[in-house]
């Protein structure tokens with residue numbers, strides 16, 4: 001929603017050093033818009049028109065991901081975004097959405113590009129911001145928030161699930177196999193007619209068969225519970241790997257684009273001023 005109320009564009013640090021004539025030109029070109037919380041400012045793949053300055057509120061830059069969205073950047077009052085389009089006018093690489101009720105100053109890209117050509121101070125400050133975000137994207141690659149899936153699963157496990165995992169772990173180990181064969185050997189020896197004249201479970205060891213059947217009936221669903229939990233853990237790990245890959249891909253794209261734009265801006269001749 002566009003607002004008629006004028007905005008003091010000189011309050012933005014990027015334009016604070018501009019002469020009055022340049023400020024008047026930008027003020028004439030800029031418009032002030034209000035977005036509700038959750039409202040989309042621009043979509044991924046949309047052709048750019050404006051450089052946006054956050055007058056008040058919070059803006060999230062998000063990328064689509066499996067099962068939701070990933071917030072890759074957040075801008076608050078006084079900051080600007082959409083600066084990449086000033087150089088190449090390529091389609092937006094992410095979606096911008098107002099996190100709360102937000103007021104934005106929308107400056108046409110042509111007006112910003114002409115300003116950078118005419119005013120070296122504004123161009124220098126603009127490039128400083130681009131370099132700062134370039135380094136931020138580089139830092140994102142080195143400290144991606146990779147979650148430990150094992151810790152997440154451990155924190156959510158109930159007491160019964162922990163017992164099931166312990167039983168499944170012990171049931172698939174050599175100590176269980178050796179102790180099981182030892183128990184069978186001891187049972188057959190104790191219940192042998194050679195040891196006791198009236199053994200409690202003589203051959204063919206019917207009570208032992210009952211115990212083994214009960215053990216197998218209980219052990220099978222417990223092992224299946226543990227396997228299901230492992231499958232859920234694998235799915236969680238795959239989702240986390242996907243999120244990390246999306247973040248890394250976005251950061252690499254930003255690095256490439258900003259390096260190219262920085263090189264182009266440095267090589268572009270500017271009039272003395």
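Output the number of residues of the range 82-115 satisfying the condition of being over 14 Å from residue 29 (Cβ atoms) and crowded, with 16+ Cβ neighbours inside 10 Å.
Total satisfying the criteria: 16.
Every residue in the range 32-65 that is surrounded by fewer than 16 Cβ atoms within 10 Å (Cβ to Cβ) and more than 17 Å from residue 101 (Cα to Cα), please.
Answer for the range 32-65, where residues must be surrounded by fewer than 16 Cβ atoms within 10 Å (Cβ to Cβ) and more than 17 Å from residue 101 (Cα to Cα): 43, 44, 45, 46, 47, 49, 64, 65.
Tell me the residue from 155, 139 that is in the same structural domain as residue 239 (by TED's automatic domain parsing), out of contact with any helix residue (DSSP H, G or I) (no Cβ under 6 Å at 6 or more places or on another chain), at pLDDT below 80 and assigned to a helix (DSSP H, G or I), please.
155
Determine if the range 22-29 includes at least one residue that is under 25 Å from residue 131 (Cβ atoms) and without any contact (Cβ under 8 Å) to a residue 12 or more places away in the chain.
no
State yes or no: is residue 130 at pLDDT below 85, in the same structural domain as residue 212 (by TED's automatic domain parsing) and surrounded by 17 or more Cβ atoms within 10 Å (Cβ to Cβ)?
No: the conditions fail for residue 130.
What single numbered condition from (1) surrounded by fewer than 17 Cβ atoms within 10 Å (Cβ to Cβ); (2) in contact (Cβ under 8 Å) with a residue 12 or more places away in the chain fails to hold for residue 71?
(2)
Would it be correct to say that residue 236 is under 56 Å from the mean Cα position of the chain (by Cα), surrounded by 12 or more Cβ atoms within 10 Å (Cβ to Cβ) and either outside the structural domain of residue 157 (by TED's automatic domain parsing) or at pLDDT 85 or above (or both)?
When the stated conditions are applied, residue 236 does not pass them.
What do you reckon, is residue 184 modelled with pLDDT of 85 or more, more than 44 Å from the chain's Cα centre (by Cα) and more than 30 Å from residue 233 (Cα to Cα)?
Here the answer is yes, as residue 184 does meet what is asked.
The values are calculated or read from the model by the stated rules, or taken from the named source; none is laboratory data. Remember, predicted model here, so these are calculated numbers, not experimental data. Because the Cβ atoms are built from the backbone with ideal geometry, glycine has one as well, and the counts that use them run over all protein chains shown.
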